Structure formats: structure tokens, C-alpha cells
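Please treat every number below as a calculation from the coordinates, not as lab data. All of these numbers come straight from a predicted model, not from anything done at the bench. Cβ sites come from the backbone with ideal geometry, for glycine too, and all protein chains shown count toward neighbours.
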Amino acid sequence: MYLAGVAAECMLRAYHHEDRPFDERHDLVLLFKDCDLERLGDDARTRLRGPIQTIHMLWRNDFRFGHEEMLRLHFHRTGLDRDVHRDANPVKVKCIALYNACHMVVSIGELRWSLD
């Protein structure tokens, strides 16, 4: 989980607008807002809104120190496990959702980067 979020964070940092201060820490929503719209493009920005929100809900920088039980408690306390079937592993389900969102951010960012 941690590395998937870091990959998305790095891709957003690659598109950071040069004229803006670089102090978003690990807040992917702020990083996304500070992207250079000309370089990223309107279509990519629109397609990334959903994945960015998913990452924002499911990922935290301090997950690098976490273990499965900590993640399970986090999802339960925040209500993020409510949509998970009772027989399913909520950590696995949310890991897959996070991975898919991060993959989308990295893939779209990579595609836009190769067009420049």
C-alpha cells in the first residue's frame, strides 16, 4: 500500500507547477491542485479526479510503519470497510482499490509525460 501511494505522489510531483511553492508534504489532493495544468492537460486532470480521491481516502504516508491489523483498524474506524462483504478481507479489498487508483495516476502521468 505504502509504495503504491508513493508512486502516485512522485508522479504528481513531476507535474508540480514551477511557480508555486513546493510544500504539500504528502497531501495528494494539494499536489494534484498544484499540478501544471498546461503540462498535465484538461483530459488527464479530469480522468485523475476519481483516483486522487480514492488515494486520499485510503493512503497515508505513515502506512510505511503499519501492519495489517493497523490497516484493518484504520478502515474500520473511518468506515471505509462498510462496503466490503463480510466474508472478504477488508485490507485486501482496499489494497486492490488503492493499487488500481495509483496505477491510473502513474499510467496517465507517464502517458502525458511521453507526449511532451
Which residue, ALA101, ALA14, ALA88, tops the fluctuation ranking in a GNM of the chain built on C-alpha contacts under 10 Å? ALA88
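Could you calculate, for region 70-116, the ratio of the Cα radius of gyration to the Kirkwood radius, expressed as Rg to Rh?
Values: Rg = 14.7 Å, Rh = 12.2 Å.
Reported Rg/Rh (Cα atoms, Kirkwood Rh): 1.21.
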Taking only the Cα positions of region 1-64, the convex hull volume per residue in Å³ is 71
Simple spin-label estimate for MET70 and LEU3 in nanometres, 7 Å along Cα-Cβ: 1.8
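Set the Förster distance to 22 Å, then compute FRET efficiency between GLU18 and HIS103 from the Cβ-Cβ distance, nearest 0.05. Write down the numbers at each step before the final one.
Numbers: r = 27 Å, r/R0 = 1.22.
Here the calculated transfer efficiency is 0.25.
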Against the rule of thumb 2.2 N^0.38 Å, how large the Cα Rg of region 2-115 comes out: 1.12
Under the rule of at least 5 residues apart or a separate chain, name every residue whose amide H is placed under 5 Å from the amide H of HIS16. ASP36
Stretchable slack from ARG47 to LEU111, in nm (0.36 nm times residue separation minus alpha-carbon distance): 21.8 nm
What helices does the chain have that are whole DSSP H segments, at least 27 Å long along their own axis by Cα, and with mean Kyte-Doolittle hydropathy of -0.5 or more? 90-115
